[in-house]
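Report on the structure given below.
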Amino acid sequence: MKENWTTLDTDLLVVGGGVAGTMAAIPALEAGLKVVICEKGKVLDHCGSVGCGVDHYLTVMDSGPEWDSPEFLIKHLPELTDGIVDLAVAGRVIREMPRIFRRLESFGVDFKDRQTGTYYRLRSFGLPGTYHINFDGTDFKKHLGERVRKGKATVLTRTMVVQLLTRDNRAYGAFAFNFRTGEWYAIRAKAVVLAAGDVNRISMNASGLAFDSWHFPYNTGDAQAMGYRAGAALANMESVEATLTPKGFSTQGLNALVSLGAHFVNKSGERFMFRYDPKGENARRAVLADAAINEYLLGNGPIFLDCRHLPQEMLDRMAHTLQVDRYTLPAFYRQKGVNFREELVEISVSELSIRRSGVYFRGSGLAVDTNGETSVEALFAAGDCATVSGGIAGAAVLGHIAGEGVVQRVRNAPSTLPAIDPQAAEAVRSQAAGHLERAGGVSWRAFEDETRRTVTDYVGVRRTGNGLKLALRTLHVLSAREPQMKADDLHGLMRVHESKNIRLNAEIMATASLARQETRTGSAHWRLDYPATDEENWRKFVLVERGADGPAVRTLSTEHPLSHAFARSAARA
Amino acid sequence: MREAAKPVHNPIRIDEQKCVRCDLCDWVCPGDLIVHEEGNKEKLPVVAYPDECWYCGLCQSICPTNAITIVFPEQMIHNRTDVVSLLGKVVK
């Protein structure tokens, strides 16, 4: 192979150093495995999907009352997910929650309220108990980063994984490159964990700025796209997620707002959420976004956030937790000249992302079994790129489960891994050189704008069969232009790869949306041509896999776990 | 698919007087936007890709001398987009 290739052999390769990735690395390191982590950022001390700290953590604690037991929450899963849930995997995640919560505390995470010394637990997002611990998690991820460093993992930062290596439906490594130095890596691994997060930059929002997104704009569905290309099955990709944000700034913080008692009102001053759900502002995120979308379409916009009724103590807590989730939100209010304690704040519907469609435990992404393993052997997925997703807690728990699954998998792995194919390696390099050396061509920004415009107009919150077909044609034409994308530098080459991944995720989403001929979870999958929820025919998962001519669809009854559709040997329970 | 020739807003303002040319903002930026040659005490960090900013403010929060200010552009502060335009086109 050409110079400037670094070859590494390891037991576990982790793609993404967020909560899921580090939590997967920890049990592997504890079992004495060699671990390599590739991370597009530079540090492991911040959360992958929010970039800074954490202000809430969802868990059952098994503290005594029935509602706090795993079985109670599991019993409510079908209603929380509108019937589309992998009960086997979600059930395991929930049962493991108390154990992983205690592990996190043992790592030094302090979930207790500093003033009272107790857990400050709140009810939010329609969950049947006060499962969200509201806490100052500024240092949450630092503890995980430290743990990984102490375990002596090899951490390759500013490094993007661009292609998985598989043979006979088994993963054995990946190609990656450092977008600061241009160094290329051929990494052989006995197992790979994909933990690269959700899909953002996929539709338009109020500010029109692609990187002004509610969730991390540098999470671009890399895991989903690479997994798909390697033959892994994806599920629930038809469901999109939006949230409510201060207009002009797509930022997190909705959970803190609603759990602390903020109201949403329409232009007439009506507190409209109760028209959509008896829980009002405490409804699931999907319901909140759907209600706001409906109000805007009914001409009842603008929508406002109203905190004026809250006691000073609540407003203080709110002001504090807002900047834990997004440090710059107070500065935004200041520059805007708005005081949320005394004034209404105009609210917009955010851009869309593919994550869990505002529904806990129903992730959109790589289908996994109860060990976090995908339909490709030795390829695992956890966090927001997997089919059971539940915020920070979901990432922590499924990440840890996947790490333990890796330990088992590696013990049974063949002693020798396939050799790196030099031709495949050079193909990746020459493709990269093609983008870098191109004089003219298409900018990744313009390419991505086309994807976003197409998704916003035809694959977003209002879908029809004809609109989706139109979108698929446009996305297909775009894919033919991928080789023409120009990268100005190595950083741009990283963005070019992201743009390709975003487009592919959009195509998978449109394909799954066209297949599901019903409406489910309101605007998470709203088919204007099939406006009713069809329990008789569509209590099913839509699975998308790579077919001969692009994405191919299968369906599977939700009575079965997704792993029943896997070609490899049935999941080891 | 041509790019609009709009001037790019710089969201990360670095105060030359206060900046001590350490590498922290480069290190912490999750989007690889800020470039500073490691250990170079002469040169200021460069905001190389200002339009890719997430407005997370990690650079501002980590800066040891408070040399960084995040400035939001007009289209974020005073946004006039019709939200309905983001809610899709209906194709019969």
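The values are calculated or read from the model by the stated rules, or taken from the named source; none is laboratory data. The model shown is predicted, which means the values in this text are computed figures rather than measured ones. Heads up, the Cβs are rebuilt from the backbone with ideal geometry, glycines too, and the neighbour counts pull from every protein chain shown.
Restricting attention to the range A:1-47 and to residues that are surrounded by fewer than 24 Cβ atoms within 10 Å (Cβ to Cβ) and basic (Lys, Arg), the residue that is farthest from the chain's Cα centre (by Cα) turns out to be A:LYS2. Determine which member of the set A:GLY41, A:GLY83, A:GLY91, A:GLY17 is within 23 Å of A:GLY363 (Cβ to Cβ), assigned to a helix (DSSP H, G or I) and not aliphatic (A, V, I, L, M). It is A:GLY91.
The residues on offer are A:ALA378, A:ALA413, A:ALA331, and the sole one that is surrounded by 24 or more Cβ atoms within 10 Å (Cβ to Cβ) and either of a type in the set (Phe, Trp, Tyr) or in contact with a strand residue (DSSP E or B) (Cβ under 8 Å, 6 or more places away or on another chain) (or both) is A:ALA378. For A:THR181, the requirement of being in a loop (DSSP other than H, G, I, E, B), surrounded by fewer than 24 Cβ atoms within 10 Å (Cβ to Cβ) and within 13 Å of chain B (Cβ to nearest Cβ) is met. Within the bounds of the range A:53-71, is there any residue that is part of a helix (DSSP H, G or I) and closer than 21 Å to A:ILE187 by Cα? Checking the range A:53-71: not a single residue is part of a helix (DSSP H, G or I) and closer than 21 Å to A:ILE187 by Cα. For the range A:482-509, give me each residue that is at the interface with another protein chain (Cβ under 10 Å from one of its Cβ atoms) and in a helix (DSSP H, G or I). Within the range A:482-509, A:GLN484, A:LEU490, A:HIS491, A:GLY492, A:MET494, A:ARG495 meet the criteria. Say we look at the range A:518-553 and pick out the residues that are aliphatic (A, V, I, L, M) and in a loop (DSSP other than H, G, I, E, B); which of these is farthest from A:ASP82 (Cα to Cα)? This residue is A:ALA548. Just checking, does the range A:338-347 include any residue being under 30 Å from A:GLN224 (Cβ atoms), within 11 Å of chain B (Cβ to nearest Cβ), of a type outside the set (Gly, Ala, Ser) and touching a residue at least 24 places away in the same chain (Cβ under 8 Å)? For the range A:338-347, residues under 30 Å from A:GLN224 (Cβ atoms), within 11 Å of chain B (Cβ to nearest Cβ), of a type outside the set (Gly, Ala, Ser) and touching a residue at least 24 places away in the same chain (Cβ under 8 Å): present. What are the residues in the range A:522-573 that are without any contact (Cβ under 8 Å) to a residue 60 or more places away in the chain, over 25 Å from A:VAL368 (Cβ atoms) and buried (at least 17 other Cβ atoms within 10 Å of the Cβ), if any? Correct list: A:TYR530 only. Considering each residue of the range A:202-215 in turn, at least one proves to be closer than 14 Å to A:ARG495 by Cα, surrounded by 24 or more Cβ atoms within 10 Å (Cβ to Cβ) and more than 10 Å from chain B (Cβ to nearest Cβ).
Quick check on A:SER479: is it assigned to a helix (DSSP H, G or I), closer than 27 Å to A:PHE177 by Cβ and without any contact (Cβ under 8 Å) to a residue 24 or more places away in the chain? For A:SER479, the condition - assigned to a helix (DSSP H, G or I), closer than 27 Å to A:PHE177 by Cβ and without any contact (Cβ under 8 Å) to a residue 24 or more places away in the chain - is not met.
All of A:SER268, A:SER250 fail the test of being modelled with pLDDT of 90 or more, of a type outside the set (D, E, K, R) and surrounded by 23 or more Cβ atoms within 10 Å (Cβ to Cβ), apart from A:SER250.
Checking the range A:364-382 against the condition returns no match, with no residue being within 13 Å of chain B (Cβ to nearest Cβ) and among the β-branched types (Val, Ile, Thr).
Quick check on A:THR154: is it on the phi < 0 side of the Ramachandran plot, modelled with pLDDT of 95 or more, among the hydroxyl-bearing types (Ser, Thr, Tyr) and touching a helix residue (DSSP H, G or I) at 6+ places or on another chain (Cβ under 6 Å)? In short, no. Put simply, of A:THR416, A:THR474 the only residue that is at pLDDT below 95 and either part of a helix (DSSP H, G or I) or among the polar types (S, T, N, Q) (or both) is A:THR416. Within the range A:107-137, which residues are under 22 Å from A:ASP277 (Cβ atoms), among the charged types (D, E, K, R) and in a loop (DSSP other than H, G, I, E, B)? Answer for the range A:107-137, where residues must be under 22 Å from A:ASP277 (Cβ atoms), among the charged types (D, E, K, R) and in a loop (DSSP other than H, G, I, E, B): just A:ARG123.
Listed by position, the helices (runs of 4 or more DSSP H) enclosed by the range A:224-314 that each have at least 2 residues that are under 28 Å from B:GLU74 (Cβ atoms) are A:254-259, A:285-297. Reported count of residues in the range A:202-223, each being of a type in the set (D, E, K, R) and either touching a Gly at 6+ places or on another chain (Cβ under 7 Å) or outside any loop (DSSP other than H, G, I, E, B) (or both), is 1. Of all residues in the range A:455-477, exactly one satisfies the criterion of being under 23 Å from A:MET494 (Cβ atoms) and either more than 10 Å from every other protein chain (Cβ to nearest Cβ) or surrounded by fewer than 21 Cβ atoms within 10 Å (Cβ to Cβ) (or both), namely A:LEU475.
How many residues does the range A:437-454 contain that are within 7 Å of chain B (Cβ to nearest Cβ) and aromatic (Phe, Trp, Tyr)?
In the first step, residues of the range A:437-454 are kept if they are within 7 Å of chain B (Cβ to nearest Cβ); the result is A:442-443, A:445-447, A:450.
Going one step further and asking which of them are aromatic (Phe, Trp, Tyr), we end up with A:447.
Counting residues in the range A:437-454 that are within 7 Å of chain B (Cβ to nearest Cβ) and aromatic (Phe, Trp, Tyr) gives 1.
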